[in-house]
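Inspection log for the structure reproduced underneath, given as structure tokens.
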Amino acid sequence: MSSEAISAFDIFKIGIGPSSSHTLGPWRAALRLLDHLQNQQQVSKVTSIRVLLYGSLAKTGKGHGTATAVQMGLLGADPVVFPTEQIASQLQAIASQKTLLLGGLHEINFDPQEDIEYLITESLPFHSNALSFLVTLASGSSFSQTYYSVGGGFVVQEGENQNGSKKVELSFPFSTAQELQHWCMKTGLSIHEVMMENEMGWRSEQQTIDQSNRIWSVMRDCIFKGCHTQGILPGGLDVVRRAAELNKKLLKGKSYSTYDEWTACIAAGGHGFNYTLDWVSCFALAVNEENASFGRVVTAPTNGAAGVVPAVLQYFLSFCDTNDHKSITSFLLTAAAIGIIFKQGATLSAAMGGCQAEIGVSAAMAAAGLTEVMGGTQRQVLMAAEIAMEHHLGLTCDPIGGLVQVPCIERNTMGAIKAITASQLALQSTPDLAKVSLDAVIKTMWETAKDMNHKYKETADGGLAINVPLSLPEC
């Protein structure tokens, strides 16, 4: 059966913070424009580019680094590998010289203050996260291209199908939990095994394992770096980073120099409830403090919710089975399966669905992954995902100052703890007795999203964003 398929590595993408929809998406949109220009052999013919930001991108784009992302994309920088410490100098050069080296090859006049417009009163009908590039060529002709950042770093060009990365033959196509469960029951395969069979439409089994390990290595490095970096987060809120101080407090002077030595110290501290709870919070804080600092993270399924999945996976490795690193692939593939179902049945975009579409989905993904590696049945895995989302329904997105900091960073700790709780509940329950299915909760989430007032959908027009009296720069 042919299907527009979504890979696990469409759900888990390596990128740069602070937002998958407002940073990584626009960055990828700019790269897609650059690809178009290169394919048409027009890079050297470009004289100017203007960028128009609409809807949520306009309202919270400054706080989310959208202008940064667009400029880096036009430079041709790859968010997967570009050194994050060089971003500031690149931006300073563009701002001072008022020129941009398009694709790293062709210099054009470009003033970010003039050529990036925030149209805060305008929205395009397809999606709130919209941006248009107006390109003028040396011949005097011009054209425009419009892209939509639809959540989780996914980008759709106007008029394009918004599904997965390419058309492939899937062994077990599914878009709902019921369809996924059908394949599991028919074949006897676990959810991660179904996903592995599907991933072979893109690559070999070993390549999928290798990419899973690469995804985890970025998550792991992000946790470790975040747990050892102090300071104030950028953006004007003056939020103090907490993960490093908490890490230091919990380890009580223990010495180490590598990640493996660090995790050994953590595991040696025992399994007390408060101790474990503090570490799960520390892991999640670390990731999202890195995300808020334009650090390298993995969308899971978004940047704003990037801390939940790695925090829960690190919890498993530190406190449940430190020797079972083969479980990393099983965890991530299972989590990705849940993310795929949510993307196809609802949304991964806070600008469309509020924070239930980010923290809620990430908690469901993490709960499913944890239940899988803890030996849960296929139905218990789906039950865990349902429980996690059910108790995030209606969660709004109301970032103060349009920054992915308050309440976003702490929400990742809440999402991680809820994911673990949901997994434990499912593992101790009989799915036959469950009253709510995962598909029902996804349908409810999407209906809730459509009913939710727009000011609670990543606009900074409601909620905490207007009720916390802080002095901030314009954003």
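The values are calculated or read from the model by the stated rules, or taken from the named source; none is laboratory data. Worth saying up front: this structure is predicted, and the values here are computed from it rather than measured. Heads up, the Cβs are rebuilt from the backbone with ideal geometry, glycines too, and the neighbour counts pull from every protein chain shown.
Tallying residues that are farther than 16 Å from Asn247 by Cβ and among the aliphatic types (A, V, I, L, M) within the stretch 283-316 yields 10.
In the condition set (1) in contact with a Ser or Thr (Cβ under 9 Å, 6 or more places away or on another chain); (2) part of a loop (DSSP other than H, G, I, E, B), Gly253 is compliant with all but (1).
If you go through the stretch 165-192 and keep only what is in contact with a helix residue (DSSP H, G or I) (Cβ under 8 Å, 6 or more places away or on another chain), assigned to a helix (DSSP H, G or I) and of a type outside the set (Gly, Ala, Ser), you end up with Gln178, Leu180, Gln181, Trp183, Cys184, Met185, Thr187, Ile191, His192.
Can we say Thr187 is closer than 29 Å to Ala384 by Cα and β-branched (Val, Ile, Thr)? Spell out the reasoning first.
Details: closer than 29 Å to Ala384 by Cα: yes; β-branched (Val, Ile, Thr): yes.
Taking the combined requirement at face value, the residue satisfies it.
Out of Glu107, Glu117, I need the residue that is at pLDDT 95 or above, in contact with a strand residue (DSSP E or B) (Cβ under 7 Å, 6 or more places away or on another chain) and either farther than 30 Å from His454 by Cα or not charged (D, E, K, R) (or both). Which one? I'd like the intermediate steps shown before the answer.
Values: Glu117 fails: either farther than 30 Å from His454 by Cα or not charged (D, E, K, R) (or both).
After applying the criteria, what remains is Glu107.
Residues that are touching a residue at least 40 places away in the same chain (Cβ under 8 Å), small (Gly, Ala, Ser) and touching a Ser or Thr at 6+ places or on another chain (Cβ under 6 Å) do occur in the stretch 389-396, at least one of them.
Listed conditions (1) in contact with a Leu (Cβ under 7 Å, 6 or more places away or on another chain); (2) crowded, with 23+ Cβ neighbours inside 10 Å; (3) without any contact (Cβ under 8 Å) to a residue 60 or more places away in the chain; (4) of a type in the set (Val, Ile, Thr) are all met by Val441, apart from (1).
Considering the stretch 107-141, the residues that are part of a helix (DSSP H, G or I) and among the acidic types (Asp, Glu) include one that is farthest from Arg50 (Cα to Cα), namely Glu114. Checking each residue in the stretch 20-64 for being crowded, with 24+ Cβ neighbours inside 10 Å, in contact with a helix residue (DSSP H, G or I) (Cβ under 6 Å, 6 or more places away or on another chain) and farther than 18 Å from Thr146 by Cβ picks out Thr23, Thr60, Gly63, His64.
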